[in-house]
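Working notes for the structure below.
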Amino acid sequence: MPKNLKLHYDISGEDYTRAGEASAQLKQVLRQLGLSSSIIRRVSIAMYEGEINMVIHANGGTIDVEIDSACVSLILKDTGPGISEIDLAMKEGYSTASESVRSMGFGAGMGLPNMRKHSDYMKIDSTPGVGTTVYMKIALGEE
Amino acid sequence: MTVAEIVKVLDAKVISGEDLLDRDVHSACGSDLMSDVLAFVKDQSVLVTGLTNAQAVRTAEMMDIVCIVLVRGKTADSGMIDLARDRSVVVLQTEYSMFTACGLLYESGLRGGGGRANAKKFKAAL
Ligand SMILES: Nc1ncnc2c1ncn2[C@@H]1O[C@H](COP(=O)(O)OP(=O)(O)OP(=O)(O)O)[C@@H](O)[C@H]1O
Ligand SMILES: [Mg+2]
């Protein structure tokens with residue numbers, strides 16, 4: 001495995017049907033690197049939930065992935081409306097998704113809790129009106 | 001259980017993935033909310049849902065879901081069918097409701113794969 005692999009994805013906020021495409025691409029990369037299926041699963045869920053959040057709540061953004069011998073690091077950055085109460089947003093079931101977004105299968109309020117559950121480290125920096133950056137790390141050693 | 005057996009049990013029509021019916025399915029999940037699926041689904045599952053969009057296929061792809069069953073005769077939108085073909089996900093359509101479709105699959109031996117079933121397995125292994 002290469003010492004340090006960096007990947008960058010631009011996430012469009014226009015097209016809901018493409019939400020998840022970057023996560024699917026990363027999943028292929030992780031497979032090619034030969035990572036264990038449980039690590040691939042955790043990274044996939046964490047990034048996919050984050051990617052969808054960027055599309056449905058923040059009109060898109062960027063995702064930077066870094067893979068080294070110790071962990072997979074994800075940085076998801078958007079310039080959307082921000083999250084005013086992060087503790088509340090982290091609660092299972094809390095969602096501000098509109099009815100039309102719900103009809104597409106989102107809005108269970110499980111995305112952020114899923115991200116926390118599947119990452120070993122997670123931090124959210126968010127300023128209302130400025131945007132949100134989510135940092136996650138998944139260690140490669142632990143199953 | 002294979003996808004072909006699911007087709008029989010649910011009297012289903014194959015919308016995409018005619019060549020993938022010999023695939024094995026180990027568990028099932030019924031939901032219209034993708035985050036619920038991401039939170040609870042196990043490996044090599046069948047997803048029973050009323051969602052007919054590409055997002056259901058993307059979720060399937062992320063979770064290694066083998067097969068999506070659309071309930072109540074709902075029609076897959078064209079984006080869903082295209083993506084399912086591209087990503088090798090089987091899409092089936094059944095006239096049964098979500099409740100009945102899940103019940104029929106349960107009756108034929110499929111389980112959710114989470115919580116209680118795992119707890120039993122864990123106890124048996126001790
Ligand atoms: N990138 C973001 N920008 C702005 N708000 C966000 C962002 N991510 C999450 N939120 C806020 O946090 C809430 C909870 O997010 P979470 O992902 O847990 O649930 P959801 O996206 O509403 O539903 P689900 O993820 O289950 O489809 C959202 O409803 C939204 O209000
Ligand atoms: Mg979400």
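Restricting attention to the stretch A:23-35, the residues that are in contact (Cβ under 8 Å) with a residue 24 or more places away in the chain and either assigned to a loop (DSSP other than H, G, I, E, B) or open to solvent by 10 Å² or more (accessible area, probe 1.4 Å) (or both) total 4.
Looking at the stretch B:1-35, which of its residues are acidic (Asp, Glu), in contact with a strand residue (DSSP E or B) (Cβ under 8 Å, 6 or more places away or on another chain) and not in a strand (DSSP E or B)? Listed by number, the residues that qualify are B:Asp22, B:Asp32. Taking the criterion of being within 12 Å of ligand 1 (Cβ to nearest atom), at pLDDT 95 or above and part of a loop (DSSP other than H, G, I, E, B), would at least one residue in the stretch A:36-54 satisfy it? Taking every residue of the stretch A:36-54 in turn, none turns out to be within 12 Å of ligand 1 (Cβ to nearest atom), at pLDDT 95 or above and part of a loop (DSSP other than H, G, I, E, B). Working only within the stretch A:100-143, note down all residues that are in contact with a strand residue (DSSP E or B) (Cβ under 9 Å, 6 or more places away or on another chain) and polar (S, T, N, Q). A:Ser119, A:Ser126, A:Thr132, A:Thr133 - these are the residues of the stretch A:100-143 that are in contact with a strand residue (DSSP E or B) (Cβ under 9 Å, 6 or more places away or on another chain) and polar (S, T, N, Q). Residue by residue through the stretch A:88-124, note down the ones that are more than 7 Å from ligand 1 (Cβ to nearest atom), of a type in the set (Val, Ile, Thr) and open to solvent by 20 Å² or more (accessible area, probe 1.4 Å). Matches in the stretch A:88-124: A:Ile124 only.
Here A:Lys91 fulfils each of the conditions (1) within 11 Å of chain B (Cβ to nearest Cβ); (2) in a loop (DSSP other than H, G, I, E, B); (3) of a type in the set (Lys, Arg) apart from (1). Report yes if A:Ala22 is in contact with a strand residue (DSSP E or B) (Cβ under 7 Å, 6 or more places away or on another chain) and either among the acidic types (Asp, Glu) or within 14 Å of another protein chain (Cβ to nearest Cβ) (or both), otherwise no. It is true that A:Ala22 is in contact with a strand residue (DSSP E or B) (Cβ under 7 Å, 6 or more places away or on another chain) and either among the acidic types (Asp, Glu) or within 14 Å of another protein chain (Cβ to nearest Cβ) (or both).
Here are some residues: B:Met80, B:Met62, B:Met98. Which one is under 27 Å from A:Ala19 (Cα atoms) and in contact with a Phe, Trp or Tyr (Cβ under 9 Å, 6 or more places away or on another chain)? Among B:Met80, B:Met62, B:Met98, only B:Met62 is under 27 Å from A:Ala19 (Cα atoms) and in contact with a Phe, Trp or Tyr (Cβ under 9 Å, 6 or more places away or on another chain). Only one of the numbered conditions (1) of a type in the set (S, T, N, Q); (2) within 13 Å of ligand 2 (Cβ to nearest atom); (3) over 17 Å from A:Tyr48 (Cβ atoms); (4) assigned to a strand (DSSP E or B) is violated by A:Thr132, and that is (3). Quick check: anything in the stretch B:65-83 open to solvent by 30 Å² or more (accessible area, probe 1.4 Å) and at the interface with another protein chain (Cβ under 8 Å from one of its Cβ atoms)? Within the stretch B:65-83, one or more residues are open to solvent by 30 Å² or more (accessible area, probe 1.4 Å) and at the interface with another protein chain (Cβ under 8 Å from one of its Cβ atoms). Residues that are surrounded by fewer than 24 Cβ atoms within 10 Å (Cβ to Cβ) and more than 10 Å from the chain's Cα centre (by Cα) within the stretch B:30-61 comprise B:Asp32, B:Leu33, B:Asp36, B:Ala39, B:Phe40, B:Lys42, B:Asp43, B:Gly50, B:Thr52, B:Asn53, B:Gln55, B:Glu61, listed in sequence order. Number of residues in the stretch A:43-65 that are away from ligand 2 (no atom under 16 Å from the Cβ) and within 11 Å of chain B (Cβ to nearest Cβ): the value is 1.
The values are calculated or read from the model by the stated rules, or taken from the named source; none is laboratory data. Since this is a predicted model, take the numbers as computed values, not measurements. When we count neighbours, we look across all protein chains shown, and the Cβ atoms used for this are built from the backbone with ideal geometry, even at glycine. The protein model used for the area step is the full one, side chains on, heavy atoms only, and it has no ligands, DNA or RNA in it. Shrake-Rupley method; radii C 1.70, N 1.55, O 1.52, S 1.80 Å.
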